Structures are given as structure tokens and as C-alpha cells.
Amino acid sequence: MRLNDLGEIASAHWVEIPSHFSNVTLDTFVVMPNHVHGVVIIRPPTGVEICVGAQHVAPLQDVQHVLPANVVPGSLGAIVRSFKSAVTKHIGTSRTSTEMPVWQRNYYEHIIRNEKDLLRIRDYILDNPLHWDDDRENPEIVRPSNPSKEAGS
């Protein structure tokens with residue numbers, strides 16, 4: 001994947017996450033044309049239990065990026081919110097219009113429970129650019145106007 005200027009901004013902010021969250025380590029990641037895949041390792045401080053998952057309505061709420069006040073500090077929701085916010089702010093200063101939102105609402109998460117799962121997810125992330133031409137989210141793909149008729153349904 002060759003990143004354009006906006007992709008470079010997203011990549012630069014991704015690798016900065018541990019400097020803002022001292023209990024976070026990053027693993028494999030890739031910036032795609034319309035999304036990011038990455039493994040975030042969250043180590044709770046000694047004797048403290050933290051929530052690593054999204055809290056109800058924790059992701060961005062609307063196109064103005066109004067953020068909820070109930071995001072647990074140090075949680076995955078807080079990390080994703082901070083990353084998206086920093087990238088959005090940086091991109092906002094580098095482009096002349098705001099015709100398209102920077103991010104889709106929400107994010108997908110998966111708790112990695114073992115080494116086999118980690119290896120599978122790393123492979124998925126690293127192979128993701130190879131499948132971009134077939135990705136249903138790729139806006140460059142020309143699709144039939146009525147897919148059900150094309151499929152013989």
C-alpha cells in the first residue's frame with residue numbers, strides 16, 4: 001500500500017499512540033485507503049482493572065465529532081477516539097474543504113485471546129492490501145446496477 005499525504009498523516013498519528021497512552025504497545029498495522037487495521041496491546045497498571053472494549057456510544061457521535069463524556073480513560077474507546085481526533089484535526093488543517101468525513105462512525109474490535117489468534121490477525125492485517133481490489137468498500141470497483149440479476153437470482 002502506497003500512502004498518499006492523508007495516509008501518511010494517519011500512519012504518523014498511529015505510531016504516536018504509545019506516547020499518549022503509556023500502557024499501550026502497538027503491533028502490526030496497515031493504513032488502507034478508507035480504514036486502518038491495527039493491533040493495540042493494552043497493559044493495565046498494576047492492581048488496576050481497565051475496560052479495553054468500547055463503552056455504549058463511545059465512538060464518534062456525528063459528523064461534528066462531538067465526543068461523549070463517558071469514555072473510560074485508557075480504554076480502547078479512548079485510544080481510538082484520541083487517534084481519530086488527532087488525525088481529523090491534522091487533516092482539517094491540510095485540506096481546503098470538508099466535503100467528505102475523515103472517518104466512518106464506530107470501529108470494529110476483537111479481543112485477541114491467544115498466540116494462534118494473534119498470528120491469524122497479523123496475517124490478515126498484512127495481507128489486507130493485497131485484497132483491496134476486491135474489497136466491497138473500495139469505491140473504485142464498478143459493480144453491476146442490479147447484483148441479484150447478475151447473479152442469476
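Here, each number is a calculation from the coordinates, and none is a lab measurement. Bear in mind that the values here come from a model prediction, so they are computed numbers and not experimental data. We place every Cβ from the backbone using ideal geometry, glycine too, and count neighbours over all the protein chains shown.
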- prompt: Do any trypsin sites (Lys or Arg not before Pro) in segment 70-139 lie in a DSSP loop with no more than 11 other beta carbon atoms within 10 Å, and if so, which?
  reply: 105, 113, 136
message: Given axes a ≥ b ≥ c from the Cα gyration tensor, I'd like to know whether segment 1-47 is rounded (a/c under 1.5), prolate (a/b larger than b/c) or oblate.
response: prolate
